[in-house]
Each structure stands twice: as C-alpha cells, then as structure tokens.
Amino acid sequence: MDLSTVFAALDSVVLDRVAEGRFERRSGAPAWWHALVDEPPGSVQPLVISDALPFLAAFLPDAERAWNSATPSPVASELWTQTDAAGSEIHLEATAARVGDSAVLVIARNDQAFFARQLLLQRARELRLTYDALMREMERKDILLHTIVHDLTAPLHSIMGSLSLLRALELPPAAARWTEIAVEAASRQRQMIRGILNVFITEQSSAEAIPPGGVELLRAMERAVSEREPVARQHRVALVVRPTGSFRVVADETRLLRVLTNLVDNAIRHSPPGKQVSMTAVAEDGSVRLSIEDEGSGVSPDMLPHLFQKFARDPRGGGTGLGLYFCRITLELWGGGIGYQPRPTGGASFWVRLPIVATCDGKAKETDHG
C-alpha cells in the first residue's frame, strides 16, 4: 500500500524538514494543499512553509525544540483557519514528530474539530449570558427581600414601642392581658424577621469574613444560655452547661451566638415543664462536638429528611422554617457541620461540630441556670 495516497485520502500532507524553515513534501497532496500552496509541478526546490501557511511561522520554533530534543515526542499546533483564493475557509492543524532520523511535519485538515470548538464557544457564550441574567435576577430579588424586610421592621419598632408604653400603665386586667398577647406576637414577628435577615446575610457571606483568632466556645455557650434564661424560666425549663473542655473554635462570635440561641430556643420550646436542656462540648479529632439535648418528644420521622432545609417547618409549631437552615449554612461556611439524633432516653440531641483554633487555659466548669 502506498502510504502517500493514504495521507492524501485523509486530507493530510507529510513534509520532511531539510533545513530550518524549509520542507519537502513526502506524501500525496490533498485538494486543499493545491488551493493554498503554490507548488509548481515537478519542483525539486524545498518549500518555505511559512510563506504558504503563515500561521506555521509561530509554530515552527516549538517544532524545532521537539525535533532537537534528546527524547523527542510529538507536539501539536493550535487549530487555525486559512482562506483559499476562492474565499473558502480551510481549518488545519499541524503535528511535528521525529521519525527515525527525519524531522517530519504532518498538516491535516480538521473541519470536525473546528466546528466542535465553535459549538463549544457558542455554548460558553450562551451559558455566560444565562449566568449574567441569573445574577441580575438574584440581585433584584435580594434588593426586593431587603426592602420588604426593612419595610416590615420600621412599623414593628413603633408597635413595640407603643406596647411597651402601654405595659407601663396601670391597665385593667383584660387590657393588660391583651397587651401581653400583643407584645408576645410582636416579639415573635421581630424574631422571624431577624431569622430572614440572618439567612440573607449568611448566604451572601464568605469564609474570608471569619476572624483569624476564632471564638472562645465556652464563653459563647454561657452567653447563649444567659440570654435565653428568661425564656427558659417562663417555660419552667432548666438550662445546664456542662463543658468538658475550653476551646477557641473557627467561627464569628455574633453568628455563633445566633446559632446557639436558635438551637436552645428550639430545645426550650419542645421541653415539658420541669425538664432541662443541657449543653456539652467535647474534643474530637481536631474539632469540637457541642451537643444541645432536651427531654421533649424529639423530631418526628417525617420531618427528619427535611430538617436542615430551607422553609422546613415543624408541624407542631415553629417560626419561618429558616432557623436550622441558617445554622447549617453558617456552620458549613466555617468548615463545620450540624446533625440530629434521638436520645435513647427520649428527647432530641442536636450536635454542632466546629474546627478547633486552640485550646484555652483554665479548667472547665459546670454552670447551671434555672
């Protein structure tokens, strides 16, 4: 079989390097070669290939290095397009290789690769346009959400202020009861708005916002318990902190406090009167596992698959369904995590895992509230 005709049938031409930049053709010539290269019939003069195919002027230095290497291996050019005298576009690529003692340059027509690349570029442009449109839509929704929350918060401050003034007055028993109901409802509304803002802010945050020194976990636990103690007393639930160690963890103090108070609130809400909610922190392989346990009814099996998803609401009552979602995305932002498991003796146990920055000095102590 004549390999010369095989190369021509494959729309390829084989050139043999005889001097720097000069080549002799060693195979048959496909139609595109005659359309681009002025090669007189029967010519024995070496061809200055960059005169015929100007793109190769940039590729030949790479080819020379490949040919002269101590361990030569083939090197391929980028795909390029050249127009013939009739205005037709011809898409080519070149490969330089050493075959025995010969430095060989193979130039092949590859319309398929060209059109595949064009399709890929077109798809990339379409995806970019889709991405830009999505970002604009998200920005509009973010602005809308922020505006709605702001518009809800402003009149709520006035309502809370007016109700506080009413509570300070000597009201008839019925009016005082209605005022307390209104204060409690307004407080729940304010907490829901804060929950929405917490999620909004956290979804826009990045790990770069975390202070490098971390947060002292025991202090955050005690602050969370101290802040929620009035609510616990109202429900006749005892809050207990049982740290077995004191650590600095990767976190932002303000948002960590929100995570802990959110979990403590949930535990209080589902605890029967006379029971307790406990918090315990122990070290585990470079991280701290903090547990918040209650003696309530636990999480229903139907709720478990959706527990930490956005707008997953407990049918027994709750807020916006954003609290546990906020906890999850916040902790994951810090390289931590959150989970749930039922207690063998009844009740719920939520655990929080956070990476340790350092172990703090001082002995751990048990603190009881309530």
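Here, each number is a calculation from the coordinates, and none is a lab measurement. Note that the structure is a prediction, hence the values are computed from the model and not measured. Here Cβ is always computed from backbone atoms with ideal geometry, including for glycine, and neighbour counts include all displayed protein chains.
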How far, in nm, would the chain grow between A116 and D285 when pulled straight, counting 0.36 nm per residue and subtracting the alpha carbon separation? 55.9 nm
The answer for V277, listing residues at least 5 apart or on another chain whose modeled amide H is closer than 5 Å to its amide H, is A238, L239, V240
What residues qualify as long-range amide H neighbours of L79, i.e. H under 5 Å apart, gap of 5 or more or another chain, H built at 1.01 Å from N? none
Per-residue HN-Hα couplings for segment 323-335 [Karplus 6.51, -1.76, 1.60; θ = phi - 60°; Hz; x = Gly/Pro]: x, 5, 5, 4, 4, 5, 5, 5, 5, 5, 4, 8, x
R26 long-range amide H proximity, modeled H, under 5 Å: V14, L15, D16
Gained length - S226 relative to L144, 0.36 nm times residue gap less alpha-carbon distance: 26.0 nm
Quick one: what are the phi-derived ³J(HN,Hα) couplings along segment 90-106, Karplus 6.51/-1.76/1.60 with θ = phi - 60°, whole Hz, x for glycine and proline? 10, 9, 10, 8, 10, 10, 9, 8, 9, 10, x, 8, 9, 9, 10, 10, 10
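How high is the relative contact order of segment 3-109, in percent, counting Cα pairs under 8 Å that sit 6 or more residues apart?
Numbers: 177 pairs, mean separation 28.4, N = 107.
Contact order relative to length: 27 percent.
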Tabulate in residue order the Karplus-calculated ³J(HN,Hα) for segment 119-133, using 6.51 cos²θ - 1.76 cosθ + 1.60 with θ = phi - 60°, rounded to whole Hz; enter x for Gly and Pro. 5, 5, 5, 5, 5, 5, 5, 5, 5, 5, 5, 5, 4, 4, 5
What are the extents of the Cα atoms of segment 9-67 along their three principal axes, in Å, largest first? 30, 24, 18
What Rg and what Dmax come out for segment 115-203 when only alpha-carbon atoms are used, in angstroms? 23.8, 84
Under the Debye formula (equal points on every Cα, no solvent term), log10 I(q)/I(0) of segment 3-109 at q = 0.10, 0.13 Å⁻¹: -0.26, -0.44
Taking a crude spin-label model, label points 7 Å out from Cα along the C-beta direction, the T83 to E24 distance in nm is 3.6 nm
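How do the peptides 261-270, 245-254, 185-194 rank, highest first, by the average count of neighbouring beta carbon atoms within 10 Å per residue? All intermediate terms of the calculation are to be shown ahead of the outcome.
Numbers: 261-270: 22.4, 245-254: 19.3, 185-194: 14.8.
So the peptides 261-270, 245-254, 185-194, ranked by packing, come out 261-270, 245-254, 185-194.
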